[in-house]
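The values are calculated or read from the model by the stated rules, or taken from the named source; none is laboratory data. Bear in mind that the values here come from a model prediction, so they are computed numbers and not experimental data. Here the Cβ is made from the backbone with ideal geometry for all residues, glycine too, and neighbour counts use every protein chain on show.
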Amino acid sequence: MTGVPAPELPPELAAQFALAADGTVLLRASRPAQGDAVIFPPRLYAGDGLDTTTEVLIPGDGRVNCLTRVRVRPPYGLPPGYVIGFVDLEAAPLRLFGLFAPEDADSLAPGSRVRLSLMPLGTDNDATPCLRPVFVPAAEPLTETRP
């Protein structure tokens with residue numbers, strides 16, 4: 001990814017995510033100086049030799065590995081019946097655990113294409129809506145390239 005993300009994120013999200021000028025949600029990951037591994041969440045040092053890392057911005061496009069609707073008392077102010085699962089990213093060899101948009105989850109199955117988005121989901125301790133990263137169905141074909 002080139003260019004500097006334009007819009008600003010809340011501080012609690014800015015350490016792990018960025019927004020491109022077109023609104024695409026990007027993951028802030030890191031790559032060790034020695035090797036081509038991609039690490040998320042980002043770290044300053046990695047590996048046995050504590051090599052320094054460089055930041056890489058990765059699109060949150062991927063395919064559903066698995067997902068489930070959780071029907072027990074929700075944590076973190078999430079709504080009842082929240083949906084979680086794993087997504088295999090297209091742009092990097094990463095499998096992420098995350099939330100899915102509850103209204104879209106019934107249309108998803110393993111192998112479905114999804115895209116990372118930000119949406120208000122649940123509340124904080126003060127009953128204020130929380131902006132959270134969630135996976136939603138991808139509207140257009142995803143790229144098959146890896147950085």
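Filter region 44-89 down to the residues that are more than 12 Å from the chain's Cα centre (by Cα), of a type in the set (Asp, Glu) and surrounded by 13 or more Cβ atoms within 10 Å (Cβ to Cβ) and list them by number.
ASP51 - this is the single residue of region 44-89 that is more than 12 Å from the chain's Cα centre (by Cα), of a type in the set (Asp, Glu) and surrounded by 13 or more Cβ atoms within 10 Å (Cβ to Cβ).
Take region 90-114 and flag every residue that is among the charged types (D, E, K, R) and surrounded by fewer than 20 Cβ atoms within 10 Å (Cβ to Cβ).
As a first pass, look at region 90-114 and keep what is among the charged types (D, E, K, R): 90, 95, 103-104, 106, 113.
Those that are among the charged types (D, E, K, R) and surrounded by fewer than 20 Cβ atoms within 10 Å (Cβ to Cβ): ARG95, GLU103, ASP104, ASP106, ARG113.
If ARG132 satisfies all but one of (1) at pLDDT below 90; (2) of a type in the set (D, E, K, R); (3) buried (at least 18 other Cβ atoms within 10 Å of the Cβ), what's the number of the condition it fails?
Every condition holds for ARG132 apart from (1).
From the list VAL38, VAL25, pick out the single residue that is in contact (Cβ under 8 Å) with a residue 40 or more places away in the chain, buried (at least 18 other Cβ atoms within 10 Å of the Cβ) and more than 17 Å from PRO93 (Cα to Cα).
Values: VAL38 fails: more than 17 Å from PRO93 (Cα to Cα).
The match here is VAL25.
With the checklist (1) in contact (Cβ under 8 Å) with a residue 24 or more places away in the chain; (2) closer than 18 Å to LEU13 by Cβ in hand, flag the one item ALA109 doesn't pass.
(2)
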